[in-house]
Amino acid sequence: MVSDAVRASDSGQTVRVCLGPRSYEVRVVTNDPGGFGPFARASLDRTWSGRPCRRALLVTDEHVASLAQPYMWALERVGIAASLAVVMPGEASKSLEHASDLYDRLVAMRADRHTAMVALGGGVVGDLAGFVAATYARGLPLLMIPTSLLAQVDSSVGGKVGVNHPRAKNMIGAFHQPLGVWIDTATLSSLPPRELRAGSAEVIKYGMSLDAPLFHFLEFQVQAVLALEPDAVRHVVAKSCELKAAIVGGDEREETGLRSVLNFGHTVGHAIEAVAGYGGTYLHGEAVAIGMVAVCRLAERVGTLDRAATERLLCLVRRAGLPVACPGLDADALLDAMTRDKKNQAGRIRFVLPHGIGKVEMSDACSIEQIREVLAAITND
Ligand SMILES: NC(=O)c1ccc[n+]([C@@H]2O[C@H](COP(=O)([O-])OP(=O)(O)OC[C@H]3O[C@@H](n4cnc5c(N)ncnc54)[C@H](O)[C@@H]3O)[C@@H](O)[C@H]2O)c1
Ligand SMILES: [Zn+2]
């Protein structure tokens, strides 16, 4: 079933992110890099700053750089000469130093507000290039070509861009919506399988927290998604973008609280990443998978979720090849990390609690004893 917000055509699907004058399209295709040219031109032409756009800086990382050429040609065919900037893969590239290198490139190009930034890569490239686009000359037009599943279903949509402070992840940033997001699911074929599985945790998150039909679809089709069957991948990517777009449309700058439902599974997930270290013991999506399991167990204790729903989530997470526990991690350290979460109010830990499949509510109803029990369960498994 395709809803109104998603338009299907032979060659792909389009999701509209509705933000008044900052509205834009997310186009989901398979194996069509040439289509990016007309899409980029149309997206840029919708704004004053993009209208005479003749140049672009395409930012990518070393793992993805081999995908860049067809996109540069596609831009050339619509009259946009693109220069290429390649950063090192990995979170370390999301720094002010790397942003500064990109500013140098833009200055050397004599870039102005009619020069587009194009981010081709995972969330790291998108956040870094997006941050540079938000800040250089008070804002350059930005186009996203996300190439990891996480970036396709999450980070490329919504306008959050930023870099890390050495002691605080994502602390330096801005809201800067792209003018368009071009998602080619064929790019996922070179993504390492572990990264693909980790990205699927965010898709499971959308299903469990917001959309029961998506959850049902995954129960039947998660293997097809992980095998990159085009129809299955396009469906879950477009559906995830549609769900995120609806939330972002109602809370663009994280001011009304609506956007916090996107943090389902993330309170425990972030604590796992912080305690295990950001060195790759657990990828973000893996930590979120465990976090979703934990918060379902918590919801069972509070009485908002039945055991059968938790079992269905567990089963899906396992079939996606994701972990459901983090044996050996220190439960007290996890609790300590969670008490520092910025969503907390009046000293109580706030969770996005499931109330059945496809429905969540923000809650601070969990007692410390209940939280301790659940953390003990996931660290002893
Ligand atoms: N802005 C937001 O709203 C938002 C939301 C969620 C996450 N993020 C950020 O996104 C980042 C994580 O994103 P990520 O998981 O994409 O990480 P990433 O960009 O580091 O990509 C993961 C790895 O996959 C490689 N890769 C990406 N696409 C590839 C492809 N098609 N073929 C081969 N290799 C490929 C990358 O080089 C990297 O080694 C974090 O920095 C996180 O803070 C931002
Ligand atoms: Zn996440």
Only one of these is within 16 Å of ligand 2 (Cβ to nearest atom), touching a residue at least 60 places away in the same chain (Cβ under 8 Å) and touching a helix residue (DSSP H, G or I) at 6+ places or on another chain (Cβ under 9 Å): Ala246, Ala186, Ala201. Name it. Ala201
With respect to Pro141, determine if the residue is more than 9 Å from ligand 1 (Cβ to nearest atom) and buried (at least 24 other Cβ atoms within 10 Å of the Cβ). yes
Identify, please: which residue in segment 171-195 is within 7 Å of ligand 1 (Cβ to nearest atom) and more than 25 Å from Leu210 (Cα to Cα) and is, among those, least open to solvent (accessible area, probe 1.4 Å)? Thr187
Of everything in segment 73-95, what is hydrophobic (A, V, I, L, M, F, W, C), open to solvent by 30 Å² or more (accessible area, probe 1.4 Å) and part of a helix (DSSP H, G or I)? Give them in sequence order. Trp73, Ala92
Given the conditions (1) aromatic (Phe, Trp, Tyr); (2) in contact (Cβ under 8 Å) with a residue 60 or more places away in the chain; (3) open to solvent by 10 Å² or more (accessible area, probe 1.4 Å), which single one is not true for Phe220? (2)
Quick check: anything in segment 139-158 at positive phi, within 16 Å of ligand 2 (Cβ to nearest atom) and not basic (Lys, Arg)? yes
Within segment 144-170, take every residue that is part of a loop (DSSP other than H, G, I, E, B) and more than 9 Å from ligand 1 (Cβ to nearest atom) and give me the one that is farthest from Gly90 (Cα to Cα). Arg167
Is there any pair with a first residue in segment 324-347 that is within 19 Å of Glu369 (Cα to Cα) and among the polar types (S, T, N, Q) and a second that is surrounded by fewer than 16 Cβ atoms within 10 Å (Cβ to Cβ) and modelled with pLDDT of 80 or more whose Cβ atoms are under 7 Å apart and which are 6 or more apart or on different chains, and what are they? Gln345/Asp364
Condition set open to solvent by 30 Å² or more (accessible area, probe 1.4 Å) and free of Cβ contacts under 8 Å to residues at least 40 places away in the same chain, scope segment 258-279, selection nearest to ligand 1 (Cβ to nearest atom): answer is Gly279
Six or more apart or on different chains, Cβ atoms under 7 Å: show the pairs whose first residue is in segment 282-294 and at pLDDT 95 or above and whose second is assigned to a loop (DSSP other than H, G, I, E, B) and small (Gly, Ala, Ser). Val288/Gly265; Ile290/Ala325; Gly291/Gly265; Met292/Gly265
For Ala8, state whether it is modelled with pLDDT of 95 or more, assigned to a strand (DSSP E or B) and among the aliphatic types (A, V, I, L, M). no
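The values are calculated or read from the model by the stated rules, or taken from the named source; none is laboratory data. What you see is a predicted model; the values in this text were computed from it and never measured. Glycine gets a Cβ as well: all are built from the backbone with ideal geometry, and neighbour counts include every protein chain shown. Remember, those area values only see protein heavy atoms, side chains included, never the ligands or the DNA or RNA. Shrake-Rupley method; radii C 1.70, N 1.55, O 1.52, S 1.80 Å.
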